[in-house]
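A quick write-up on the structure given underneath.
The values are calculated or read from the model by the stated rules, or taken from the named source; none is laboratory data. All values derive from a computational prediction rather than experimental measurement. Reconstructed Cβ throughout: ideal geometry from the backbone, glycine too, with neighbour counts over all protein chains shown. Note: areas computed on protein heavy atoms with side chains; ligands, DNA, RNA excluded. Shrake-Rupley method; radii C 1.70, N 1.55, O 1.52, S 1.80 Å.
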Amino acid sequence: MSESATVAEVSTQRPHAMGETFLQLDDLKVHFPTEDGLVRSVDGLSFDLAKGKTLGIVGESGSGKSVTSQAIMGLHRHTRAKVSGQILLEGEDLLQVSDERLRKLRGNQIAMIFQDPLSALHPYYTIGNQIVEAYRVHHDVKKSAARTRVIEMLDLVGIPNPARRIDQYPHEFSGGMRQRAMIAMALVNDPKLLIADEPTTALDVTVQAQILHLLKDLQREFGSAIIIITHDLGVVAEVADDILVMYAGKSVERGPVDEVFYQPEMPYTWGLLASMPRIDRVRQERLNPIRGNPPSLINPPSGCAFHPRCDFVSKVEGNRCVEEVPMFDPEQVHPVRCHIDPELRRKLFISDIKPQL
Amino acid sequence: MAQPTDTAPVSDTAEAARRALNAEPLLRVENLKKHFPLKTQGLIRRAADPVKAVDGISFDLDAGETLGLVGESGCGKSTAGRTVLQLMPPTAGTIRFDGRDVTGATGNDLRGLRSQMQMVFQDPYGSLNPRHTIGAIVGAPFIIQKTKTEKGVRTEVQKLMERVGLNPEHYNRYPHEFSGGQRQRIGIARAIALRPRLIVCDEPVSALDVSIQAQVVNLLEDLQNEFNLAYVFVAHDLSVVRHISDRVAVMYLGKIMEIADRDVLYSKPMHPYTHSLMSAVPIPDPRKEDRRERILLTGDLPSPINPPSGCVFHTRCPKFREQLSDSDKLRCTDEFPPLELKADGHYAACHFPEVRADIAMATPASADDAAVSGSTASSSAAGVAIDPA
């Protein structure tokens, strides 16, 4: 694949990778064999992330964003999933390390916040027990010391009266509090990489605002790298430095947050931006949905996976959109997986798309 | 608490026209309450204080109009929608539909009503029977209501499927063969089958992807125009509610805090709770996002079993905490603020309301943005000017 070829040459410097590269994915593929055929959930994904930076991964359900995060955490080991490519954490390939080594890294160097705190926390154990355990797995300390640390963490994430709350069960916490408790658990070992998979989707906007605020504060304090996965462009606009847009298991656009929001180039990103109603703009008479449905991952459309839903196929000469997979060069500041000529894309955005936003 | 609309001039033109004819609205809800009884723990289970899910709300809804109900989870917005449809009997209050009192209707009465008022549910996976074909699901209302169809139920169902954007050839397929957005279309086809006049939509698009959300919202709007449907649109997403609603009611702990025409509510919100809700909506615009003021609410929603005294919002109200004098605070803690007319067609339940025009429309980002928000201001002003005439 052309992508892996370009990636191999890169390594030294990407213009947008400020600071040292901490996490690097090279041509990651996660395929699930099923009775109906091979599901290509992630199909050749490459990106990198520096310390202290936040990457927002955006896409619809089935675009492969959650599967990517599970692969980084090593959650596809010993399952039927076929994983290939490289996931380099400070140069160490997470796909090659031993189970024991991964256990040391997981929870300690890399931690994850799940979407649904009620199913991610164990109902039989108190919040305190669960976080104390997470801490003692990686730190050889007495229970009492761990407990002090956990109370500190609960306080840090804004749980009132942590000394009392630590002995309560998950069902005694409200949704926002549970999410905070899970963030406390994820952060208790000062991870260098935090993956947040739809961390606020189940929450009310008021609580969501509190949690996003908290994530930003904690990043400032600990300097961790954060990957935030969401379908809500408003959320990434608020917290992310870089944005990666995924479609049908592939990256289709990546760039600094301002570029993706103010000069998006991929028609799919245009569609996402144009289809959401916004309270900060004049109300439109009609919304502009992306037509059609998300693609099948077993039989993805040929060529550019977005072509059956794209309004701009006619802008490309010949039948390239249908026949040829567009290239995606992760070396660029703002790579786009699209056959339309870059000059024309920018013109189209200004003439056709921007007025709709 | 009687709805103060009775005496007040209202800016909504449909409502004004109706008032001129002195007709009753399609739906009138007065002082609706829904309390869920609780039992004490232990051997002898006595009745304890109930959960006051909906605690005295009143609103009117005209034919062809959409009322948005917004609020945090647990504020009673879904319960309100379900009680209006008589899916649960109300504890108190009256529901008048098409000029007659339908509160507590049962049996044949209720069945008759069901063809007039329908519901679209949030969960497109849970609200369709997995063992029934789409044909059976969408055709069920005709069978249950023994409604005669011109060319048989099948033709009618296929027409409906086509109308909501499904392929009529999929008549014999099962729900699991459809995507989330398509399932929501099936639920909508079922709801409009008997040409109802009122549909309660309970979070109809919140389980869908952004691109599909827009398709379904557009479909709901088209159907409304075609069949003159009235919607009660329950949702927590303030952007979607603004798009689809004519009027919007903001709920908190079972009470309506503020209700106004959509443009008025979003451009000049008055209630401190509405301010904080709107300021919390993430805006997909990083530069505006950086500059805008966030009113962070502290703490969690109080328990609806023991709601705070006086104004139920005072425990979390930023204005109460930061701006009010001690004597003013006493009013908030002791005296319940009724939902009162504060400006033209704009009701708020607050002792110290304050118009904040800066909240939703964050400061213009550039020259063309400024021009755009200028035009909104003038259009809403025009709306007000037309009103007395």
Members of B:LYS77/B:LYS329; B:LYS33/B:LYS255; A:LYS315/A:LYS347; A:LYS216/A:LYS354; A:LYS65/A:LYS104; A:LYS53/A:LYS192 lying beyond 18 Å, as alpha-carbon distances in this model show: B:LYS77/B:LYS329; A:LYS216/A:LYS354; A:LYS65/A:LYS104
Nearest-0.05 FRET efficiency for B:PHE227 and B:ASP101, computed from C-beta distance (R0 22 Å): 0.30
Computed accessible area, B:LYS268, all protein chains, 1.4 angstrom probe, square angstrom: 90 Å²
Accessible area that becomes buried as A packs against B, both chains, 1.4 Å probe, Å², nearest 100: 4200 Å²
For region A:195-213, residues shielded by at least 40 square angstrom of accessible area compared with the chain on its own, probe 1.4 Å: A:ASP204, A:VAL205, A:THR206, A:ALA209, A:GLN210
Residue-span extension gain [A:TYR125 to A:TYR262] - 0.36 nm each, minus C-alpha spacing: 44.6 nm
Extension reserve of the B:LEU43-B:ASP290 stretch, reckoned as 0.36 nm per residue once the Cα distance is removed: 83.3 nm
Point-charge dipole on Cβ atoms (K/R +1, D/E -1) for chain B, about Cα centre, debye to 20: 1560 debye
Packing rank of B:253-266, A:117-130, where each peptide gets the mean count of other beta carbons within 10 Å, highest leading: B:253-266, A:117-130
Per residue, in Å², the accessible surface of the protein assembly as shown once ligands and nucleic acids are set aside, probe 1.4 Å: 42 Å²
Computed [θ] at 222 nm, helices only, for the protein assembly as shown once each DSSP H run of length n ≥ 4 contributes -39500 (n - 2.57): -10000 deg cm²/dmol
Heavy-atom accessible surface of the protein assembly as shown: percent carbon and sulfur, 1.4 Å: 51 percent
Interface residues in region B:272-287 - accessible area drops by 50 Å² or more relative to the isolated chain, probe 1.4 Å: B:ALA280, B:PRO282, B:PRO284, B:PRO286, B:ARG287
Selected from B:LEU297, B:LEU61, B:LEU339 as most flexible by GNM, with chain B as the system and alpha-carbon contacts under 10 Å: B:LEU297
Tilt relative to chain B, helix B:152-163 - C-alpha long axis, 0 to 90 degrees, to 10: 40 degrees
Proximal lysines relative to B:LYS159, as straight alpha-carbon distance under 18 Å, when same-chain residues fewer than 8 apart are discounted: B:LYS148, B:LYS151
R0 of 25 Å, Cβ-Cβ distance A:HIS213-B:GLU354: FRET efficiency to nearest 0.05: 0.55
Angle in degrees between helix A:127-138 and the longest Cα principal axis of chain A, rounded to the nearest 10: 80 degrees
Spin-label pair A:ARG320/A:GLN168, simplified geometry with 7 Å Cα→Cβ offset, distance in nm: 5.9 nm
Nearest-20 debye value, the protein assembly as shown charge dipole, Cβ charges on Lys, Arg, Asp, Glu: 2200 debye
Separation of the A:ASP116 and A:ASP140 label points, Cα + 7 Å toward Cβ, nm: 4.0 nm
Karplus-derived HN-Hα couplings along region A:244-252 (A = 6.51, B = -1.76, C = 1.60, θ = phi - 60°), whole Hz, x at Gly and Pro: 10, 9, 10, 8, 6, x, 10, 6, 10
Cβ-based charge dipole, region B:52-207, positive-most Cα from B:THR94, B:GLY107, B:ILE57: B:GLY107
Reduction of at least 40 Å² in accessible surface, 1.4 Å probe, comparing all protein chains with the chain by itself, residues of region A:269-302: A:PRO277, A:ARG278, A:ILE279, A:ASP280, A:ARG281, A:VAL282, A:ARG283, A:ARG286, A:LEU287, A:PRO289, A:ASN293
Accessible-area value, A:ILE151, 1.4 Å probe, nucleic acids and ligands omitted, Å²: 40 Å²
Point-charge dipole on Cβ atoms (K/R +1, D/E -1) for region B:38-197, about Cα centre, debye to 20: 560 debye
Dipole of the protein assembly as shown, positive direction: furthest Cα of B:SER279, B:THR133, B:MET257, with charges on the beta-carbon: B:THR133
Helix axis angle, A:175-187 relative to chain A longest principal axis, alpha carbon, degrees: 80 degrees
Distance between modelled label sites at A:ARG220 and A:SER84, nm, 7 Å Cα→Cβ extension: 4.5 nm
Probe 1.4 Å, all protein chains present, accessible-area order of B:GLU169, B:GLU65, largest first: B:GLU169, B:GLU65
Length-normalised contact order of chain B in % [C-alpha pairs under 8 Å, at least 6 apart]: 19 percent
